[in-house]
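Here the structure is laid out as structure tokens; the discussion comes afterwards.
The values are calculated or read from the model by the stated rules, or taken from the named source; none is laboratory data. No experiment lies behind these values; they were computed from the predicted model shown. Ideal geometry is used to build each Cβ from the backbone, glycine not excepted, and the neighbour counts take in all protein chains shown.
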Amino acid sequence: MNSLVDNQIEEFSNNDIILEVHDLSFRYSRKQSLVLKNISVKFFRNNLTIIAGPNGSGKTTLMKHFNGQLLSQQGQIIVFNKQISKKNRREIQKLVGLVFENPDEQMFFPKVYDDVAFGPKNMQLPLEEIQVRVENALEEVQITHLKEKMTFNLSFGEKKKVALAGILAMRPKLMILDEPTIGIDPWTKPRMIETIRSLTNKRTIVVITHDVDVMKMADRLLLMKQGKIEGDFLSFNEFQQQEFQNR
């Protein structure tokens with residue numbers, strides 16, 4: 001690992017740690033090889049952390065452990081001082097919002113407003129609070145004009161923003177975004193990147209991405225290869241320099 005990053009980590013107090021992964025290993029079946037191999041890493045409050053790496057390196061599998069979608073087979077995941085388990089993962093999912101690469105996987109209603117309201121309604125919030133949260137989330141991702149639209153008429157990029165708004169409306173303390181710019185057109189991509197940049201002002205965010213333009217925003221960049229974290233960098237520039245030296 002990078003000694004500069006190690007020094008920076010030492011400067012954080014325990015209060016700054018919001019997510020800890022301890023010796024995590026995982027496989028999807030006994031016949032398959034390990035997808036994650038003895039991963040240990042900490043994530044810190046108010047940071048934008050990028051997790052990058054080639055396809056099949058385990059990025060999305062790791063991400064699904066962060067809110068209990070997948071439960072650890074070996075090792076521990078601790079979020080806001082709570083170890084994730086089968087008993088508490090519903091509670092954890094209120095604290096950790098996950099936005100999938102494919103927005104269709106988390107859209108449940110034909111109308112945009114109703115879809116964004118789905119999460120807050122499940123939290124059994126008062127109607128007025130739901131309305132405020134939905135309006136705020138739509139405004140934050142700049143899609144207020146879509147609230148009465150039907151989701152099946154939206155572009156892929158618009159669907160991605162609706163899915164993001166749906167998670168924002170639940171007001172999680174930690175947000176995980178899986179490939180937020182994949183599949184959107186070159187004209188929509190800069191607006192999505194600007195949206196992500198604006199979210200970092202108030203939240204702790206982890207982004208899974210191959211996109212160099214997104215990677216450039218990182219406060220910290222983790223490089224995954226073959227189920228392991230092979231690099232830990234303070235910026236995209238540092239990562240780029242290291243990769244150039246290794247060629």
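Exactly one residue among 137, 117 is touching a Leu at 6+ places or on another chain (Cβ under 8 Å), surrounded by 13 or more Cβ atoms within 10 Å (Cβ to Cβ), at pLDDT 95 or above and not β-branched (Val, Ile, Thr), and that residue is 137.
Restricting to the range 62-77, give me the number of residues that are assigned to a helix (DSSP H, G or I) and free of Cβ contacts under 8 Å to residues at least 40 places away in the same chain.
Filtering the range 62-77 down to residues assigned to a helix (DSSP H, G or I) leaves 62-65.
Within this subset, residues satisfying the condition of being free of Cβ contacts under 8 Å to residues at least 40 places away in the same chain are 64.
Qualifying residue count for the region: 1.
State which residue is nearest to residue 209 (Cα to Cα) when the search covers only the range 25-68 and only residues that are under 17 Å from the mean Cα position of the chain (by Cα) and of a type in the set (D, E, K, R). Selected residue: 59.
When 211, 185 are checked against the criterion of being at pLDDT 90 or above, out of contact with any strand residue (DSSP E or B) (no Cβ under 6 Å at 6 or more places or on another chain) and of a type in the set (Asp, Glu), 211 stands alone in meeting it. Does residue 92 meet the test of being under 27 Å from residue 133 (Cα atoms) and touching a residue at least 24 places away in the same chain (Cβ under 8 Å)? Yes, satisfied. Among the residues making up the range 199-223, those that are over 16 Å from residue 45 (Cα atoms), β-branched (Val, Ile, Thr) and under 14 Å from the mean Cα position of the chain (by Cα) are 208, 209, 214. Annotation for the range 123-133: at least one member residue is among the basic types (Lys, Arg) and under 25 Å from residue 197 (Cβ atoms).
The single condition from (1) in contact with a Leu (Cβ under 9 Å, 6 or more places away or on another chain); (2) in contact (Cβ under 8 Å) with a residue 40 or more places away in the chain; (3) under 24 Å from residue 95 (Cα atoms) that residue 197 fails is (2).
Against the definition (of a type in the set (Val, Ile, Thr), touching a Gly at 6+ places or on another chain (Cβ under 8 Å), crowded, with 19+ Cβ neighbours inside 10 Å and under 26 Å from residue 111 (Cβ atoms)), how does residue 196 come out, yes or no? So residue 196 does not fit the description; no. Just checking, which of 186, 180 is surrounded by fewer than 22 Cβ atoms within 10 Å (Cβ to Cβ) and not polar (S, T, N, Q)? None of the others qualify; the one that does is 186.
For the range 45-59, residues that are surrounded by fewer than 19 Cβ atoms within 10 Å (Cβ to Cβ) and of a type outside the set (Gly, Ala, Ser) total 5.
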